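Notes to accompany the following structure.
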Amino acid sequence: MLRNRYNIALSLWCITNMTLSSQPPFSPQEIAAEGIKPEEYQSIVNRLGRHPNKAELGMFGVMWSEHCCYKNSRPLLKQFPTTGKRILVGPGENAGVVDIGNGLQLAFKIESHNHPSAVEPFQGAATGVGGILRDIFTMGARPIAVLNSLRFGSLDDSRTQRLFQGVVAGISHYGNSVGVPTVGGEVYFDPAYSGNPLVNVMALGLMETPSIVKSGASGIGNPVLYVGSTTGRDGMGGASFASAELSDESMDDRPAVQVGDPFLEKSLIEACLEAFKTGAVVAAQDMGAAGITCSTAEMAAKGGVGIEFDLDKIPVRETGMVAYEYLLSESQERMLFVAHKGREQELIDIFHRWGLHAVVAGTVIEEPIVKILFKGEIAALIPASALAENTPLYERELLTEPPEYARKAWEWTPDKLPDCSIDGIEVNGKKLSWNDVLLTLLDTPTIASKRWVYRQYDHQVQNNTVMLPGGADAAILRLRPLENNENLIQNQIQNQKSGVAATVDCNPRYVYLDPYEGAKAVVAEAARNLSCVGAEPLAVTDNLNFGSPEKPIGYWQLAQACRGLAEGCRELDTPVTGGNVSLYNETLDSQGNPQAIYPTPVVGMVGAISDLNKICGQAWLEAGDLIYLLGIQVKSQTELGASEYLATIHNTIAGKPPRIDFDLERRVQKVCREGIYQNWIRSAHDCAEGGLTVALAECCIASKRGATVELASNDIVNQRLDELLFGESGARIVVSVPPVLQQQWESYLNKNLTNYWQKLGKVGNFDTDLQVTTSDNHTLIRVTIEEISSNFLNAIERRLSI
C-alpha cells in the first residue's frame, strides 16, 4: 500500500518535472558545485526515476556529503566496539549515553568545526560549541561541561596567530555566555596544520528527563514543530563546505560559516528541557549540518515514516528566500520536534514564554518520503531513505604495503643522532646541555602551559568544577543534578560524592608515522589520563580528522587508524558511543597542490569517580614524599622515534612511535587508580610528550616544589642519555607517595606490578631545584623552579606578543 501510494505521488510529480529521457537540467559545473560526482548524480536519477530540481539537488548534495553520510568511512567504523554494560545509547543518535552510577546518566559527544574555523575562526569555533551543546540537550541532558581539542600551524606565523586567537575567542564567547564551563582540552602546534586548523569540541550533559529523548519520528498525523531561532541565509551548504579541501577561494566562502547566538541558545536549552519533561515530545532533532533537510530526512528515516513540511510556516530573518535556501540554511539555535497530536499548543506556549519561535510546520505521514511544500506547491519529493540511509558507500582499495614516506621514516634509528654524554649533546655545531634541552622543550608551545587559552574560559560556572584546567591530566566534575526526581533523591548522599572525569587526546605525530600503533596509543593515553586522577575509564567518543580518502595514502592512514582505535577500545573495555568524521582536511595552495594535515583521530573519553575525596592532581603535595615511576622503567623500552625531543631539538620527524603493551597498560592504570583510592598516592602524572624529565618538570611547576631524582648508573650503560631523559613510551606514570606509607605501597607494587616500578627520588621544598643525577654523583640536570616555570608558563604569550 505504501509503495503504491508513493508511486502514484511520484508519477504525478514526474508529469510536471523533467523525465528520465530529458537532458540534465544542470551543467556538470552546477552539479559539481553541490559536491556531487557524475556517478552520484546518476544514482540520484535512478533513485528518483527522474532528474532532480534545484532544491532536491541541493538536498542530495548536503546529505550525500562525507560530513553527513560518512560514505568513505562507514565500512571502517563498523569494527568499533559499541556495546557494554554501561552503554545506554550507542552510535546513531545525537549523542551517546552511559550509566555513570548512582542513578545518573551521562550524555557526551565530540564534533568538529574545522573548515568554518579556517575561514572565520571566531564564528566557526563559537558555532562549533553551540552545535555540540545542542546534540547534548536534544537527548534530554543538561550540558555540564565542554572540552576542546585544537590544532594550529606554527605559532611563529602571523596567520596562525590570528586563527589561534580567533578560535579561542569564539570558544570562550559562546561557552562563557551560554553558561557551560570549558574545563579542559589540548592544543597542538605543527606546520602540518598551517592552512587547515582543527577545532574539535566535546560536551558532556547530565540526563534530566525521565527517559532518553530519541530522534526517530513516529505517530502518523502527529504534528512536526519548528522551534528556536529564525532561518536566514547564513551557513548555506555548510555540510558540503566541510567535505571539500580548503583553497584560496575558500576564504571567500564566508556565507558557508554559521553565526551563533549563545544567549538565545541558553533559552533554547531551558525551553527544550522543560518541553521534554511534559511528555508531549515524541522525538527531537537538532538542526545542525544540512539544517531542515537533515532533520526532516533523518527523523523520517529513523522512524520508518515520512514527513510533510511547509516552508511557508518557517519564521525567517531575511526576505526573498527560495526553497533551496530554506533547505540548506544552517542558521543556528533551531530544532525540530515531533509532538503528540493535540499537545502542540502546550509546547508552543513553553517556547514563547522563553522568547523563542515555535510553529507547527509539518506532519508525520505514512509514506516514507520527505515532502517539502513552498508557496502552495511541492518543492521537493524524495524517499527519506535516499537522503539518510540509502546513500553512497565507497569501500576503497587499501595499499598492500605502507607508503613510501612511512617506510623511509621507519628506517631511522637513534644511531643517526650525534653522540651524547653526561654534559649534553652537540646539535648543528652548537653544544646543548641537558638543562638547555629541557628548557627548550618546556618552551615548545605544544608542551608548554595553555594558561593563555584556559584563562579566557569560564571554567567554574555551574560550580561543579573540582579540578581546574592545568591541575591534572583530566578534568573532574561533581555530578550535581539540578532536578530531583525520586530516583535521584534516594541517592542524594552518594551523588554529592560522585563525579565524572573527561579528557581529549591525540598525538598526531605518532599517528602520522604509524597510524595503527599511533591510534592505539591515543586510546591508551586517554585512559591513562583518566586513571591518573582516579577515574575508571568507561567509554569513548571519537573525532576522525584526516585528509582525502580518495588518495591511497589518505585512505591507508584512515583505515589503519580505525583498526588501531578499535583494538585499543576493545583492549581497555571502552566502547565507542559515537563521534564525528572530518575528512578532506587538506589545503590547496595557489598551484593547486594538496597539503594534508597529520592524521588526527581525537579520542574523548569519560570515566567514573565514585568518591570525589579520592582523586589527585599532578602537583607534588609535601616535601619528602617519595617519587615513583610506574610501568616501563627508565632503562628500557623508551623511544626517541616520533618524540617531541626528536622533532624540536633535531628537527626530525621520523622513527616509529612507542608500541602499546595493553596488558602492562591495564596493570599500571589499575595500580594507579587503586593507589589513589587507598590514599597512598598524593600526585600522579602521565609521561607523555617530552618523556620522563618533562613530566617531572611539570609536577615541579604545578607545585612550585623541586625534586631530587637519582638514576642508577647501570641504567645508563648501553643506553643513550637523551633516550633515558626524553624518550617516550606508553604505560608510564609518575606518582608521589608519603614516606610513612613506603612499606605498604612497595609491598602492593611487588605483588601487582612486579619488575615494572622504580623509586626515583624525593619531593623537595618550595622553590628548590629540580635535580636529576646519577648514582655515581654526576649531575645531568639542575634547573630552578623559576627557570622552568618561566619557559613553560610564558611560551605562548611570548610568541603572541612579538
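The values are calculated or read from the model by the stated rules, or taken from the named source; none is laboratory data. Being a predicted model, the structure only gives us computed values, none of them experimental. Note that each Cβ is placed from the backbone with ideal geometry, even for glycine, and that neighbours are counted across all protein chains shown. These accessible areas exclude ligands, DNA and RNA; they are computed on the full protein's heavy atoms, side chains included. Shrake-Rupley method; radii C 1.70, N 1.55, O 1.52, S 1.80 Å.
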**Fill in**
Counted residues in segment 750-770 being among the aliphatic types (A, V, I, L, M) and either free of Cβ contacts under 8 Å to residues at least 12 places away in the same chain or touching a helix residue (DSSP H, G or I) at 6+ places or on another chain (Cβ under 7 Å) (or both) come to 2
**Asked** Regarding ALA361, is this residue open to solvent by less than 20 Å² (accessible area, probe 1.4 Å) and either over 17 Å from VAL281 (Cα atoms) or free of Cβ contacts under 8 Å to residues at least 12 places away in the same chain (or both)?
**Response** no
**Message:** Return the residues of segment 771-787 that are under 16 Å from LEU724 (Cβ atoms) and touching a helix residue (DSSP H, G or I) at 6+ places or on another chain (Cβ under 6 Å); say none if nothing qualifies.
**Reply:** THR774, SER775, ASP776, LEU780, ILE781
**Test set (1) within 29 Å of ALA526 (Cα to Cα); (2) open to solvent by less than 30 Å² (accessible area, probe 1.4 Å); (3) assigned to a strand (DSSP E or B) - LEU225 fails condition number** = (1)
**Fill in**
Considering residues that are over 21 Å from ALA526 (Cβ atoms) and open to solvent by 10 Å² or more (accessible area, probe 1.4 Å), the number found within segment 129-184 is 17
**Request:** State which residue is most open to solvent (accessible area, probe 1.4 Å) when the search covers only segment 199-214 and only residues that are out of contact with any Pro (no Cβ under 9 Å at 6 or more places or on another chain) and either of a type outside the set (S, T, N, Q) or modelled with pLDDT under 95 (or both).
**Result:** PRO210
**Complete:** Conditions (1) of a type in the set (A, V, I, L, M); (2) assigned to a loop (DSSP other than H, G, I, E, B); (3) within 30 Å of ASN718 (Cα to Cα) -> ALA623 fails only (3)
**Complete:** Among strands (runs of 3 or more DSSP E) completely within segment 401-504, the ones holding 1 or more residues that are modelled with pLDDT of 95 or more, among the acidic types (Asp, Glu) and open to solvent by 20 Å² or more (accessible area, probe 1.4 Å) are 424-427
**Prompt:** For segment 770-790, how many residues are open to solvent by 40 Å² or more (accessible area, probe 1.4 Å), closer than 12 Å to ASN435 by Cα and not in a strand (DSSP E or B)?
**Reply:** 2
**Request:** Working only within segment 649-663, note down all residues that are open to solvent by 50 Å² or more (accessible area, probe 1.4 Å) and either farther than 17 Å from LYS408 by Cα or touching a strand residue (DSSP E or B) at 6+ places or on another chain (Cβ under 8 Å) (or both).
**Result:** LYS656, ARG659, ASP661, ASP663
**Message:** Out of everything in segment 655-680 that is of a type in the set (A, V, I, L, M, F, W, C) and touching a helix residue (DSSP H, G or I) at 6+ places or on another chain (Cβ under 6 Å), what residue ends up being farthest from GLY534 (Cα to Cα)?
**Reply:** ILE660
**Asked** Which number in (1) modelled with pLDDT of 95 or more; (2) open to solvent by 10 Å² or more (accessible area, probe 1.4 Å) marks the one condition that VAL717 misses?
**Response** (1)
**Message:** So, GLY58, is that one touching a helix residue (DSSP H, G or I) at 6+ places or on another chain (Cβ under 9 Å) and in contact (Cβ under 8 Å) with a residue 24 or more places away in the chain or not?
**Reply:** yes
**Request:** Taking only segment 66-80 into account, find how many residues are hydroxyl-bearing (Ser, Thr, Tyr) and open to solvent by 10 Å² or more (accessible area, probe 1.4 Å).
**Result:** 1
**Prompt:** Just wondering, is there one or more residues in segment 47-65 that are under 27 Å from LEU336 (Cβ atoms), surrounded by 13 or more Cβ atoms within 10 Å (Cβ to Cβ), modelled with pLDDT of 95 or more and among the β-branched types (Val, Ile, Thr)?
**Reply:** no
**Message:** I'm checking my understanding of the structure. Among residues of segment 664-700 that are open to solvent by 20 Å² or more (accessible area, probe 1.4 Å) and hydrophobic (A, V, I, L, M, F, W, C), which one is nearest to GLY631 (Cα to Cα)?
**Reply:** ALA688
**Asked** Would segment 727-746 turn up any residue that is under 30 Å from ASP157 (Cα atoms) and either surrounded by 17 or more Cβ atoms within 10 Å (Cβ to Cβ) or within 34 Å of the chain's Cα centre (by Cα) (or both)?
**Response** yes
**Item:** segment 176-195: number of residues that are in contact with a strand residue (DSSP E or B) (Cβ under 6 Å, 6 or more places away or on another chain), outside any loop (DSSP other than H, G, I, E, B) and farther than 19 Å from VAL504 by Cβ
**Value:** 0
**Request:** Pick out, from segment 41-151, the helices (runs of 4 or more DSSP H) lying fully within it that include 1 or more residues that are under 17 Å from the mean Cα position of the chain (by Cα) and within 24 Å of GLU325 (Cβ to Cβ).
**Result:** 66-69, 114-119, 121-137
**Request:** Quick one: which helices (runs of 4 or more DSSP H) lie wholly within segment 271-365 and hold at least 3 residues that are within 16 Å of ALA388 (Cβ to Cβ) and of a type outside the set (S, T, N, Q)?
**Result:** 291-303
**Message:** For the structure I just gave you, tell me whether LYS751 is open to solvent by 60 Å² or more (accessible area, probe 1.4 Å) and in contact with a Phe, Trp or Tyr (Cβ under 6 Å, 6 or more places away or on another chain).
**Reply:** no
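Residue-wise test of (1) among the basic types (Lys, Arg); (2) open to solvent by 10 Å² or more (accessible area, probe 1.4 Å); (3) in contact with a Cys (Cβ under 6 Å, 6 or more places away or on another chain); (4) in contact (Cβ under 8 Å) with a residue 24 or more places away in the chain.
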| position | (1), (2), (3), (4) |
| --- | --- |
| PRO315 | no, yes, no, yes |
| GLY320 | no, yes, no, no |
| LEU327 | no, no, no, yes |
| SER331 | no, no, no, yes |
| PHE337 | no, no, no, yes |
| ASP349 | no, yes, no, no |
**Message:** Cβ-Cβ under 7 Å, sequence separation 6+ or interchain: first residue in segment 408-429 and over 15 Å from GLY727 (Cβ atoms), partner of a type in the set (D, E, K, R) and assigned to a strand (DSSP E or B). Which pairs?
**Reply:** PRO418/GLU426; GLY424/LYS431
